[in-house]
Amino acid sequence: MNDALVGSGEEELGAQLTSCLADNGYHAPHVSGLRRLTGGSTHDTWAFDLEYGDLEKGTADTRQNQPLILRRNLAHASLDMTPQAEFALLRWLHDEALPVARPLLCEPDGGALAMPFVIAERIIGTDLRKALAAEKAGAERAEIGGQLAGLQARVHALDISRCPDGIFAKGGVSQEVQRWTSPLLEPGKVASPLLRAAISWLEANIPALDRPCIVHGDFKANNILWSEAGAPVILDWELAHIGDPVEDLAWTMLWTTRDDIVCGLLSPQDYLAAYERASGAAVDRERLFYWQLYALVKLCGILRSGSGTVQNESDLGPSHALLSRGSGYLEAAMADYLSAIAGKRAA
Amino acid sequence: MSPDALDMLVLIEKFLKSSVADQVPAALRSEVRAAAKSLGDAREQLDAAFPLLMRECDELRDLVQSARDALGQSAAQVGNVGQPQSLSALKEQHMALQQDLGDLVLLLQQRGDGAGNAALVRIFTTLRKQAGSRFEWQSVFPPDTLVSDVLRGTWPNGNS
């Protein structure tokens with residue numbers, strides 16, 4: 001019987017986990033403290049503690065304890081990469097000494113859990129956004145901001161030729177832009193003039209990919225775990241792909257409250273300067289402008305599709321429908337970019 | 001007096017919050033709360049919808065006309081100018097005007113001459129204002145700060 005389980009759903013999951021861990025070489029596993037951390041329609045995340053080892057001879061020093069995370073893919077159709085790709089990516093990143101949670105187990109078909117999942121080590125800490133909101137970040141904000149810009153530069157500096165095959169879909173910037181813009185213009189969907197104009201301009205001005213790199217794709221404060229040791233750990237790699245490093249910066253710059261990296265830790269200009277210092281490369285402002293507008297359109301696509309779970313907005317569940325209302329805000333911001341483009345051409 | 005449609009929204013919102021949310025599995029609880037919040041918001045937004053969409057339709061008609069002028073297209077009736085008799089009819093009219101305007105915006109972007117770009121600036125400015133009138137109806141982003149305003153200082157020279 002598992003300890004600290006609340007409700008039959010957790011009990012059932014605990015039993016399934018125990019069985020699955022036993023099947024995968026963990027001797028006499030004992031799961032305890034199972035609790036849901038986050039959940040949605042595409043995936044959920046659970047924390048638990050695993051004790052395993054020689055139960056029969058069992059003394060405290062022969063059994064091991066490990067805090068772990070279970071992440072399940074609930075939706076077959078979503079924007080996330082497959083569990084096996086995520087597993088392979090995390091393993092490679094861990095081997096490359098990037099601060100990520102070490103993955104331990106992956107079941108692309110679900111096995112005993114009946115849905116695809118990844119189990120990884122659990123690093124004790126708080127997501128940075130929550131830590132900042134509670135003023136618990138410890139070190140000075142600017143110092144943390146500089147550290148994160150440096151970490152992002154380290155991700156972009158990874159040698160992609162060493163990246164295992166099969167993690168990322170083949171394709172360039174053009175395919176990545178199409179991936180997010182095409183669904184917004186499908187027949188039967190009424191796209192606003194702003195969205196249509198933004199997509200049209202983006203498609204006509206796709207920048208050349210000069211320096212392909214690993215793009216995290218969602219590098220923002222609530223995807224950074226601030227460990228108890230006071231170090232950042234990068235989470236949530238499901239949107240990672242090969243692309244333009246400036247795309248990654250533009251996405252980070254989309255989030256600008258006092259609890260975000262940009263505006264919370266560093267001003268937009270200081271964030272760029274910190275990245276430039278860390279990477280040794282200047283950030284091309286024309287390219288950044290392009291990717292900033294792209295980020296608005298991409299987020300619009302994510303919000304309107306319930307993170308890729310539905311084809312039509314009319315099929316959105318209540319919480320995704322509430323989120324999709326933010327797309328009007330994004331369109332207003334698109335209007336500023338489009339006005340700047342047209343104003344420059346009119347001058 | 002019996003509850004009307006708007007009252008019903010409030011009644012159902014209260015029912016979902018007080019009687020349903022705590023009785024459903026954890027995975028569904030946030031969905032029930034989101035549904036309740038949406039109903040509460042809907043009452044306020046339905047109250048404002050008719051005058052808002054009427055005003056926006058007038059503005060969209062003007063923009064369509066100015067876009068046609070900039071493209072040198074001959075004068076034509078812009079959308080259905082009849083008074084819509086229901087919110088659904090008004091919404092349809094609003095969507096049809098947006099569709100027309102979107103088509104013209106793409107033509108103006110392709111043409112790219114001075115007059116066309118000046119028309120585009122006017123169109124985008126009006127559409128930004130229209131989108132801005134709904135900021136309070138979403139809770140995803142801070143309604144008082146637009147990200148483009150925050151990032152304007154990072155734009156290349158000549159774009160800001």
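The values are calculated or read from the model by the stated rules, or taken from the named source; none is laboratory data. Just so it is clear, the structure is predicted and the values come from calculations on it, not from any experiment. Here the Cβ is made from the backbone with ideal geometry for all residues, glycine too, and neighbour counts use every protein chain on show. What goes into the accessible areas is simple: the full protein's heavy atoms, side chains included, and nothing from ligands, DNA or RNA. Shrake-Rupley method; radii C 1.70, N 1.55, O 1.52, S 1.80 Å.
Results for (1) of a type outside the set (A, V, I, L, M); (2) at the interface with chain B (Cβ under 7 Å from one of its Cβ atoms); (3) touching a Gly at 6+ places or on another chain (Cβ under 8 Å), shown as yes or no for each residue.
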| site | (1), (2), (3) |
| --- | --- |
| A:ILE261 | no, no, yes |
| A:PRO268 | yes, yes, yes |
| A:LEU272 | no, yes, no |
| A:GLY280 | yes, no, no |
| A:GLY326 | yes, yes, no |
| A:LYS344 | yes, yes, yes |
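When restricted to residues that are exposed (fewer than 13 other Cβ atoms within 10 Å of the Cβ) and of a type in the set (A, V, I, L, M, F, W, C), region A:133-159 contains 2. Summed over region B:71-95, residues that are open to solvent by 90 Å² or more (accessible area, probe 1.4 Å), among the hydroxyl-bearing types (Ser, Thr, Tyr) and at pLDDT 90 or above total 0.
Would you check which residues across region B:97-122 are facing another protein chain (nearest Cβ under 7 Å) and in contact (Cβ under 8 Å) with a residue 24 or more places away in the chain and list them? Step through it out loud before you land on a result.
Within region B:97-122, the first condition is being facing another protein chain (nearest Cβ under 7 Å), and the residues that meet it are B:98-99, B:101-102, B:105-106, B:109, B:112, B:114, B:117-118, B:120-121.
Hits for region B:97-122 are B:GLN98, B:LEU101, B:VAL105, B:ALA118.
Taking the condition assigned to a helix (DSSP H, G or I) and at the interface with another protein chain (Cβ under 7 Å from one of its Cβ atoms), does A:SER314 pass? Answer is no for this residue. State yes or no: is B:SER19 assigned to a helix (DSSP H, G or I), more than 14 Å from chain A (Cβ to nearest Cβ) and surrounded by fewer than 12 Cβ atoms within 10 Å (Cβ to Cβ)? So B:SER19 fits the description; yes. Residue check: is A:PRO245 in contact with a Cys (Cβ under 6 Å, 6 or more places away or on another chain) and more than 11 Å from chain B (Cβ to nearest Cβ)? In short, yes. I'd like to verify a number: residues in region A:97-132 that are open to solvent by less than 60 Å² (accessible area, probe 1.4 Å) and in a helix (DSSP H, G or I), how many? Adding up the residues that qualify gives 6. Any idea which of A:GLY33, A:GLY53 is in contact with a helix residue (DSSP H, G or I) (Cβ under 8 Å, 6 or more places away or on another chain) and either modelled with pLDDT under 85 or not assigned by TED's automatic domain parsing to the domain that holds A:ASN223 (or both)? Being in contact with a helix residue (DSSP H, G or I) (Cβ under 8 Å, 6 or more places away or on another chain) and either modelled with pLDDT under 85 or not assigned by TED's automatic domain parsing to the domain that holds A:ASN223 (or both) holds for just one of A:GLY33, A:GLY53, which is A:GLY53. Apart from one condition, B:PRO156 fits all of (1) within 7 Å of chain A (Cβ to nearest Cβ); (2) over 18 Å from the mean Cα position of the chain (by Cα); (3) crowded, with 22+ Cβ neighbours inside 10 Å; (4) not polar (S, T, N, Q); the exception is (3).
Only one entry in A:GLY343, A:GLY308, A:GLY301 is assigned to a helix (DSSP H, G or I), at pLDDT below 95 and under 22 Å from the mean Cα position of the chain (by Cα), namely A:GLY301.
Within the option set A:ALA157, A:ALA191, A:ALA198, A:ALA114, being in the same structural domain as A:ALA273 (by TED's automatic domain parsing) and farther than 30 Å from A:ALA342 by Cα holds for one residue only, A:ALA157. On inspection, A:LEU254 does not qualify as away from every other protein chain (no Cβ under 13 Å) and in a loop (DSSP other than H, G, I, E, B).
Has region A:271-279 got any residue that is part of a loop (DSSP other than H, G, I, E, B) and on the phi < 0 side of the Ramachandran plot? Steps first, please.
From region A:271-279, those part of a loop (DSSP other than H, G, I, E, B) are none; that's our starting set.
No, there is no match, as no residue in region A:271-279 is part of a loop (DSSP other than H, G, I, E, B) and on the phi < 0 side of the Ramachandran plot.
For A:HIS320, the conditions (1) open to solvent by 10 Å² or more (accessible area, probe 1.4 Å); (2) more than 13 Å from chain B (Cβ to nearest Cβ); (3) in contact (Cβ under 8 Å) with a residue 40 or more places away in the chain; (4) not polar (S, T, N, Q) all hold with the exception of (2). Please find, among A:LEU249, A:LEU254, the residue that is more than 14 Å from A:ALA153 (Cα to Cα) and in the same structural domain as A:ALA142 (by TED's automatic domain parsing). Just a single option satisfies the conditions, and that option is A:LEU254. Candidates are the residues of region B:131-143 that are in contact with a helix residue (DSSP H, G or I) (Cβ under 8 Å, 6 or more places away or on another chain) and open to solvent by 60 Å² or more (accessible area, probe 1.4 Å); the one that is modelled with the highest pLDDT is B:ARG134. In region B:124-148, which residues are within 30 Å of B:ARG68 (Cα to Cα) and more than 7 Å from chain A (Cβ to nearest Cβ)? Result: B:THR126, B:LYS129, B:GLN130, B:SER133.
Among the candidates B:SER88, B:SER66, the residue that is closer than 16 Å to A:PRO193 by Cα, in a helix (DSSP H, G or I) and away from every other protein chain (no Cβ under 11 Å) is uniquely B:SER66. Contact map, region B:25-39: first residue at the interface with another protein chain (Cβ under 7 Å from one of its Cβ atoms) and within 14 Å of B:MET8 (Cβ to Cβ), second residue surrounded by fewer than 17 Cβ atoms within 10 Å (Cβ to Cβ) and not hydrophobic (A, V, I, L, M, F, W, C), Cβ cut-off under 6 Å, separation 6 or more or different chains; the map is empty.
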